[in-house]
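Structure, as structure tokens:
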Amino acid sequence: IAIFFVEPLILSLLAGVILREGIGWRRIAAILVGFAGAMLIVRPSFAAFGVYALLPLVAATCFAFYLLLTRMLGARTDAVMMQVGAGLGGLATVSLLLALGAATGWPLLAWRAPDPASWGLLVLLGLVATVAHLLIVQAFRRASAVILAPFQYLEIMAAVFWGWLVFGDWPEPVTWCGIAIIVAAGLYVFHRERRQAVALAEEPEATR
């Protein structure tokens with residue numbers, strides 16, 4: 001989860017490149033510092049799990065693109081329709097992957113029929129995810145990413161709590177250090193974005 005939270009930094013970078021939102025050298029430097037924090041967490045995980053330790057970075061990049069598309073579509077597209085489209089897209093993608101797994105025999109993509117308890121958890125997962133993503137769409141329609149993004153870091157604390165309560169996991173000191181670097185870099189980026197937004201809002205008044 002901590003590695004995944006370079007996602008707000010990736011989102012800021014993508015918004016600067018794709019949406020042509022201004023991004024200065026200070027924010028680029030903070031983004032690089034955030035990635036350094038992620039690497040600090042990845043390093044021991046990479047030694048234990050190999051290349052799979054990089055998958056949270058891939059997930060963070062994909063989710064950043066998801067939020068970017070949400071921002072681009074949210075103002076003119078109904079939230080429910082966006083959720084339906086995302087679900088159908090996911091269904092098509094997973095169906096293709098399962099077909100590929102059946103054709104190649106690759107164990108990672110092999111279909112395993114869930115037991116009744118797992119089906120119940122999967123349904124619950126679908127309900128929770130649907131509500132969460134509908135709320136994300138509504139939030140992005142009503143507030144700027146600059147205001148919303150810092151709230152994402154609450155998930156790190158929630159993950160630490162549930163990881164300890166359910167799995168008995170507790171981050172090592174080097175992981176806490178990486179978490180602190182990622183959060184600090186992210187909050188600095190959004191501090192700079194907020195200052196820029198305020199400056200742009202006040203500029204027309206100053207020129208009158």
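The values are calculated or read from the model by the stated rules, or taken from the named source; none is laboratory data. Keep in mind it's a predicted model, so treat the numbers as computed, not measured. Backbone-built Cβ (ideal geometry, glycine too); neighbour counts: all protein chains shown. These area figures cover heavy atoms from the full protein model, side chains too; ligands, DNA and RNA do not enter into them. Shrake-Rupley method; radii C 1.70, N 1.55, O 1.52, S 1.80 Å.
Scanning the stretch 48-93 for residues that are within 20 Å of the chain's Cα centre (by Cα) and β-branched (Val, Ile, Thr) yields Val51, Val58, Thr61, Thr70, Val84, Thr93.
Consider Arg76 against the criteria (1) of a type in the set (D, E, K, R); (2) exposed (fewer than 11 other Cβ atoms within 10 Å of the Cβ); (3) farther than 22 Å from Ile18 by Cβ: it satisfies all of them except one. Which criterion is unmet? It fails just one condition, (3). If you go through the stretch 49-60 and keep only what is modelled with pLDDT of 85 or more and open to solvent by 50 Å² or more (accessible area, probe 1.4 Å), you end up with Leu55, Val58.
Yes/no per residue for (1) part of a helix (DSSP H, G or I); (2) hydrophobic (A, V, I, L, M, F, W, C); (3) on the phi > 0 side of the Ramachandran plot:
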residue	(1), (2), (3)
Ala29	yes, yes, no
Leu55	yes, yes, no
Thr77	no, no, no
Val80	yes, yes, no
Leu91	yes, yes, no
Gly101	yes, no, no
Arg112	no, no, no
Gly120	yes, no, no
Gly126	yes, no, no
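Annotation note: Cβ proximity below 9 Å between a residue of the stretch 161-178 that is aromatic (Phe, Trp, Tyr) and a residue that is in a helix (DSSP H, G or I) (sequence gap 6+ or interchain) occurs for Trp170/Val160; Trp170/Gly163; Trp170/Trp164.
Conditions tested, residue by residue: (1) among the polar types (S, T, N, Q); (2) touching a Ser or Thr at 6+ places or on another chain (Cβ under 8 Å).
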{"position": "Ser12", "(1), (2)": "yes, no"}
{"position": "Gly37", "(1), (2)": "no, no"}
{"position": "Ile41", "(1), (2)": "no, yes"}
{"position": "Val58", "(1), (2)": "no, no"}
{"position": "Phe63", "(1), (2)": "no, no"}
{"position": "Leu73", "(1), (2)": "no, no"}
{"position": "Thr77", "(1), (2)": "yes, no"}
{"position": "Leu91", "(1), (2)": "no, no"}
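Would you confirm whether any residue within the stretch 57-76 is closer than 19 Å to Gln152 by Cβ and of a type in the set (D, E, K, R)? Yes: the stretch 57-76 contains one or more residues that are closer than 19 Å to Gln152 by Cβ and of a type in the set (D, E, K, R).
Each row is one residue, and each column tells you yes or no for (1) over 30 Å from Ile179 (Cα atoms); (2) at pLDDT 80 or above.
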{"residue": "Leu11", "(1), (2)": "no, yes"}
{"residue": "Phe35", "(1), (2)": "no, yes"}
{"residue": "Ile41", "(1), (2)": "no, no"}
{"residue": "Ala47", "(1), (2)": "no, no"}
{"residue": "Ala75", "(1), (2)": "yes, no"}
{"residue": "Thr104", "(1), (2)": "yes, yes"}
{"residue": "Arg112", "(1), (2)": "yes, yes"}
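Filtering the stretch 80-106 to residues that are surrounded by 12 or more Cβ atoms within 10 Å (Cβ to Cβ) and within 22 Å of Ile18 (Cβ to Cβ) leaves Met82, Gly85, Ala86.
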